[in-house]
Amino acid sequence: MGLLIDRFFRCWYHWGMELKIKELEASQVRFSYDEKAVSLLKGRYSKSGIIGQPRAVAALKMGMSVKSRGYNIYISGEEGTGRRTAVRILASQMRNTQYDLAYAYNFSSPEHPVLLCLPSPQGAELRDACLAASLCVQEKNYDGAWNELEKFSNTDNLQLRAFLQNIRLLCEKKDRSLTAERVQINLISERKSGAEPPVVCEYHPTEEALFGQLGHKYKEDHMNLSGGSLLSASGGFFVVNMNQVLDHGELWSAIKLFAESSSFSVYDEDSQSKRFIRPEASSLASTVKIILLGSDSLYDRLCETDPQFLRLFKVCAEFDFSMPANEENVGLTIAYILDHAERNHLKAVEDSALCELLKYSSWYAESREELTTKLSVVSDLLSEADYLAGEVAIDGEAVRRALRERDFANGITESRISQEIENGEMIISLEGTKTGVINGLAVMDRGLASFGTPAVISVSVAPGSEGIVNIEHEVGLSGEIHDKGLLILEGYLRKQYARNFALSVYAGICFEQSYSEVDGDSASSSELFALLSAIGELPVRQEIAVTGSVNQLGDIQPVGGINEKITGFFDICASAGLTGRQGVIIPVQNMKSLILPDRVVKAIEAKKFHIYPVSTVDQGMEILTLRPSGVRSVKGTFPTETVNRIIEDRLRKLYELSRPAS
C-alpha cells in the first residue's frame, strides 16, 4: 500500500505540479556579447592604464600627494589587477622635487656617516666641487679647497652646513687630519631636476637590497657605502610586496623604523662579519612614499596585530577584482585588448574574438554583469589565440580553440576522475534513487586550471543524542567554514521540525572516497538534502547534483565556481550517456553567474540536461523526491504524506526511541 501511495504522489507531482519550479530555458542560460555593439564601441575609447578602479585611484592620488608624515600606502587586491601600473601612471602625472643622495664624512661622529638629501642637481654639483677640493687638499692647498666649496656654505640643509663648516675650520687651521677622502662625498643617487618622480619596485627585498651595503675599497666608511632601492626612491615612490617583506625576518621592523625616523642600518658586505653602521639621515623618510602590496586579509591582520601599522600607513587603496560591465568599462577593455595586440605585434583582432574575450572576462569575474579587472588574464588568452589563429586575423573560433587547448593541457586530473567513475573505482550513481545519498558538486583547482567534479555525500541516521556528526571533522579533514555549515543544519532541523519535542538523533555525514581536507559551505545544502532523505527514509534522485549553501531558515544561498560545477557534472553525465533526466540544482541568485560552454547550452536546448534554480530547501526537496514539501497549517501540522510531514514524524519517532525506558 505504501509503495502505491508513493507512486501516486510521484506521478501526481510530476504531472500536476511540475510547473511550480521551472527549469531554465536555453535562452536564459545562453550568454554572449553582441558583435554590433562591440563594433560600435571599438575606437570610441582610448587605452587607459587604470580601468574600473575609481575608489582605489582616488585613495592612491590622495596618498601619493599628501606630504605629511605617515601617509604611506597599503594597496590591497589580487595580482594582475594593475596595482603597480596605477602607481606608475599616477606618478608620471606628478612633478615632485627630485633629490640627490650622497654620503659624507661625519667629523663629529665618524662611525655614523651623514646621508645628505639635496635637491637635484645640487648633489652632482657638490660632488664635482668636493672632488676638486680633495685634489687641493692632497696638494696641501687648503685655501683652494675651501674656495671650491664656499659657494655651498649658505645652504639651508643643516647636515650639509655642518659638513662644510667642519671643512672650513680645518682648512683655516691647515689641519693635516683633513684628508682627500674626508672632503669627498659618495653620490649614491642622482636625479634630473624637473623629471617625473621615480617609482622603484623591489622584487627581492632584503636589508642589503633596500639600504645598501658596506664595502672595503676605501679607507673612510662613507666612501664604501652603496645605495639601496629604498634610498634611491627619494623624491618618489618605493613599491614592495608585503608578503615578501614578512618572509625576511627583521626587514619589516627596519622599514617601520625608517618610515618613522629615517633611521636604518647598513651591514658589511662580508656575510661573516657582524659589523654594521647607522648613518645619520634626519629628513630622508619624508621624501619617500613607501607603498606596500598585499591581500585584504593581510591588511586586516596588520591592523589588528601591529600597533604601528595604521600610524605609518594611513592610506589603503583597495583594488577590486571585478568591475561593472557598463559601456565605459567594456569600451576600455576593448581598447586594452587592441593596444596589447598592437604592442606585441599580434594579428588583427576581429569583432567575434573581442566578443569571446569579453565573455571570458565575465566568466572569470563569475558574473554576466561584471568584467574582471585582472586584464592580464584576458591578454594571456589573446596571446594564445594568436598562436592558434590563421595567418590573417584572430577570430572568435581561435579564442574558443585556445580555451579548449587549455582544458586539454590541464585536464589530466579531470580525465582520471572521469575514468575512475566510468570503470567503477569511484562509486557514483547517475540514475535511479537512493536514500541518504546525494551528489554534491565541488571545484578542484590546480594552478590556473579549475574544474568541477561530483562529490558523493552519504548520511546514516539512528536514535541517539549525538546530533550531527561530521566524520571529516572527527579525522581532521574538515575546515572551519565546513564545520560551521554543518552546525547550521542542526539549527535548521530544530527550527523546521523540533518545535514540541527534543531533537534526539545521531546523523553521521561523510564525503565518500574523499581523502583531502573539505572546507567551505557550498555543499551545506547537499548535506542537508541527504540528511533529510536519511531521516525521512525518502529516496532522492541520483541524476540531479546539488550545490549551494544554506542558512538556518532554509534559504539557499549563492556559491562560487558555479560554471565549473555545472560543466563538470555535465561532462561526467555526457561520458556515461545523457538520459534526458540529468541536471543540477543551483541557488536562484547564481543565475546571473551562468556563462556556460556551448555544449552545455545545446544539451539544455535539446532537453538532455536541466538546471533548476531554487531559493529554499523545500523547493530542492520537491525536485529531488518528486513529492510536495508541504506547508505547515494554522494548526501547526504539515499535510499528510508530504516531505516535511514524513520527516517530522520520523524525528518524533527517533525522539521516542531515544528516551530512556521508564
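Annotations for the structure displayed:
- Accessible surface of the stretch 571-662 [probe 1.4 Å, protein heavy atoms]: carbon and sulfur percent: 53 percent
- Per principal axis, descending, Cα span of the stretch 412-463 in whole Å: 46, 23, 15
- Model label points for ASN344 and ALA449, set 7 angstrom from Cα along the Cα-to-Cβ axis, are 2.1 nm apart.
- If both residues of a DSSP beta bridge must be in the stretch 399-522, then about 75% of such bridges are antiparallel.
- Computed lengthening from VAL631 to LYS653, 0.36 nm per intervening residue step minus Cα-Cα distance: 5.9 nm
- Carbon + sulfur, % of accessible area of the stretch 214-320 - ligands and nucleic acids excluded, 1.4 Å: 45 percent
- Label point distance in nm, VAL392-SER108, each placed 7 Å from Cα along Cα→Cβ: 7.9 nm
- Nonpolar atom fraction for the stretch 392-494, defined as the carbon and sulfur part of the 1.4 Å probe accessible area, stands at 52 percent.
- Taking all protein chains as they are arranged and a probe of 1.4 Å, the heavy atoms of SER460 leave approximately 60 Å² accessible to solvent.
- Nearest 10 degrees, 0 to 90: helix 327-343 Cα axis against the chain principal axis: 60 degrees
- Using Cβ point charges alone (K and R +1, D and E -1), the dipole size of the chain about the Cα centre works out to roughly 1460 debye.
- Among LYS359, LYS192, the order of accessible area from largest down is LYS192, LYS359, computed with a 1.4 Å probe on protein heavy atoms.
- Each stretch of four or more DSSP H residues adds -39500 (n - 2.57); spread over every residue of the chain, this sum gives -13000 deg cm²/dmol at 222 nm.
- Where ASP156, ASP649 fall by accessible area, highest first, once all protein chains stay in place (1.4 Å): ASP156, ASP649
- Solvent-accessible area of LYS565 with every protein chain in place, 1.4 Å probe, in Å² to the nearest 10: 10 Å²
- Residues of the stretch 275-350: accessible area per residue with a 1.4 Å probe, Å²: 48 Å²
- Distance between the modelled labels on ASP380 and SER297, one decimal in nanometres: 2.0 nm (7 Å Cα→Cβ projection).
- Rounded to the nearest 20 debye, dipole of the stretch 500-580 from Cβ charges on Lys, Arg, Asp, Glu: 200 debye
- The chain: relative contact order as a whole-number percent, Cα under 8 Å and 6+ apart: 15 percent
- LYS607 sits with roughly 90 Å² accessible to a 1.4 Å probe, with DNA, RNA and ligands left out of the calculation.
- Taking the C-alpha atoms only, the angle from helix 524-536 to the longest principal axis of the chain is near 20 degrees.
- Under the Karplus curve 6.51 cos²θ - 1.76 cosθ + 1.60, θ = phi - 60°, whole-Hz ³J(HN,Hα) for the stretch 233-241, x wherever Gly or Pro sits: 8, 4, x, x, 9, 10, 10, 8, 7
- Between 0 and 90°, nearest 10: helix 643-658 axis offset from the chain longest Cα axis: 90 degrees
- Exposure rank, largest accessible area first [MET323, MET444; 1.4 Å]: MET444, MET323
- In whole percents, the pair-distance distribution calculated for the chain from its alpha-carbon pairs, binned every 10 Å from zero, is 3, 13, 17, 16, 15, 13, 9, 7, 4, 2, 1, 0, 0.
- Rg and Dmax of the stretch 90-229, Cα atoms only, in Å: 16.2, 52
- Residues of the stretch 203-234 with amide N under 20 Å of the 7 Å Cα→Cβ point at ARG176: 219-220
- Extension reserve of the ILE481-ALA409 stretch, reckoned as 0.36 nm per residue once the Cα distance is removed: 22.7 nm
- Backbone N within the stretch 313-349 under 16 Å of label point (7 Å from VAL57 Cα along the Cβ vector): 317-337
- Of the residues GLY491, ALA341, TYR299, the one whose Cα sits farthest toward the positive end of the charge dipole of the chain, with +1 on the Cβ of Lys and Arg and -1 on the Cβ of Asp and Glu, is GLY491.
- Residues of the stretch 525-552 with amide N under 18 Å of the 7 Å Cα→Cβ point at GLN28: 544-548
The values are calculated or read from the model by the stated rules, or taken from the named source; none is laboratory data. If you're wondering where the values come from, they're calculated on a predicted model, not measured in any experiment. When we count neighbours, we look across all protein chains shown, and the Cβ atoms used for this are built from the backbone with ideal geometry, even at glycine. Heads up: the accessible areas ignore ligands, DNA and RNA and are worked out on the full protein's heavy atoms, side chains in. Shrake-Rupley method; radii C 1.70, N 1.55, O 1.52, S 1.80 Å.
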